[in-house]
Amino acid sequence: MQSGNLQTTATDHCCFCADQKAMGKKDFSMIPKGTAGIEDRMSVLCDSGVNSGKLTPNEFVAVTSTNAVKIFNIYPRKGSISVGADANIVLWDANGSRIISAKIHHQNVGFNIFEGHTIKGIALHTLSQSKMVWTNGELRPLRGAGKNIKRPAYGSTFDTMHKKTAVNEPQAVHRTK
């Protein structure tokens with residue numbers, strides 16, 4: 001991430017319980033792929049990236065938020081605090097800390113791959129569509145609040161490429177006698 005070769009982060013989030021994961025005891029290829037981790041992803045990245053000095057706070061915001069919406073052509077509607085943009089904001093406490101534990105997480109699985117890890121850097125509040133959906137450790141889901149976001153298939157980079165191509169195309173030459 002420091003080099004810029006990775007532009008965004010994600011998680012192969014999939015909450016399989018211990019019994020489901022155990023299907024691969026005799027054949028590892030039968031283990032369901034993915035693990036729970038979406039709830040802790042940003043805090044772990046803040047702790048291991050920003051707090052270690054490997055990422056700046058601005059790089060953290062870019063790789064966790066802004067770059068993805070630019071790649072998916074929904075910037076500045078998302079990923080921007082500006083007039084007309086959706087009000088999706090995470091208020092972050094860079095000094096806040098907690099111990100990650102399956103006993104208190106909100107994922108529908110009885111274990112956590114980061115179990116017992118103390119992290120520094122936590123989300124205090126999250127606003128989605130101007131509504132508080134996370135506050136001081138309390139999840140407030142809004143059933144049916146998700147919306148399909150229409151977006152162009154190609155971003156503005158492709159518009160620029162098309163214009164450059166059109167300029168470089170050979171033009172018909174009209175000759176008069």
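Quick look at the numbers
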item: Residue pairs meeting the criteria (Cβ under 6 Å; at least 6 apart or on separate chains; first closer than 24 Å to residue 113 by Cα and assigned to a loop (DSSP other than H, G, I, E, B), in the range 76-101; second open to solvent by 40 Å² or more (accessible area, probe 1.4 Å) and of a type in the set (Phe, Trp, Tyr)); result: 100/114
item: Residue selected from the range 43-64 under the condition crowded, with 17+ Cβ neighbours inside 10 Å and among the small types (Gly, Ala, Ser), by the criterion nearest to residue 101 (Cα to Cα); result: 43
item: Residues satisfying the stated conditions in the range 102-142, i.e. over 27 Å from residue 34 (Cβ atoms) and in contact (Cβ under 8 Å) with a residue 12 or more places away in the chain; result: 124, 125, 127, 129, 130, 131, 136
item: Residue in the range 37-49 that is part of a helix (DSSP H, G or I) and free of Cβ contacts under 8 Å to residues at least 12 places away in the same chain present; result: yes
item: From the options 78, 25, 70, residue that is within 16 Å of the chain's Cα centre (by Cα), open to solvent by 90 Å² or more (accessible area, probe 1.4 Å) and not hydroxyl-bearing (Ser, Thr, Tyr); result: 70
item: All positions within the range 31-68 that are among the hydrophobic types (A, V, I, L, M, F, W, C) and at pLDDT 90 or above; result: 42, 44, 45, 46, 50, 55, 60, 61, 62, 63
item: Sole exception among (1) out of contact with any Ser or Thr (no Cβ under 6 Å at 6 or more places or on another chain); (2) more than 21 Å from residue 105 (Cβ to Cβ); (3) part of a loop (DSSP other than H, G, I, E, B); (4) free of Cβ contacts under 8 Å to residues at least 60 places away in the same chain for residue 59, by number; result: (3)
item: Residues that are modelled with pLDDT of 90 or more and crowded, with 18+ Cβ neighbours inside 10 Å, drawn from the range 81-99; result: 92
item: Condition met for residue 88 (under 25 Å from residue 153 (Cβ atoms) and in contact with a strand residue (DSSP E or B) (Cβ under 8 Å, 6 or more places away or on another chain)); result: yes
item: All positions within the range 114-136 that are open to solvent by 30 Å² or more (accessible area, probe 1.4 Å), over 18 Å from the mean Cα position of the chain (by Cα) and not aliphatic (A, V, I, L, M); result: 114, 115, 116, 117, 118, 120, 130, 131, 136
item: Sole exception among (1) touching a residue at least 24 places away in the same chain (Cβ under 8 Å); (2) open to solvent by 90 Å² or more (accessible area, probe 1.4 Å) for residue 19, by number; result: (1)
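The values are calculated or read from the model by the stated rules, or taken from the named source; none is laboratory data. All values derive from a computational prediction rather than experimental measurement. Neighbour counts run over all protein chains shown; Cβ positions are idealised from the backbone, glycine included. Accessible surface areas use protein heavy atoms only, side chains included; no ligands, DNA or RNA. Shrake-Rupley method; radii C 1.70, N 1.55, O 1.52, S 1.80 Å.
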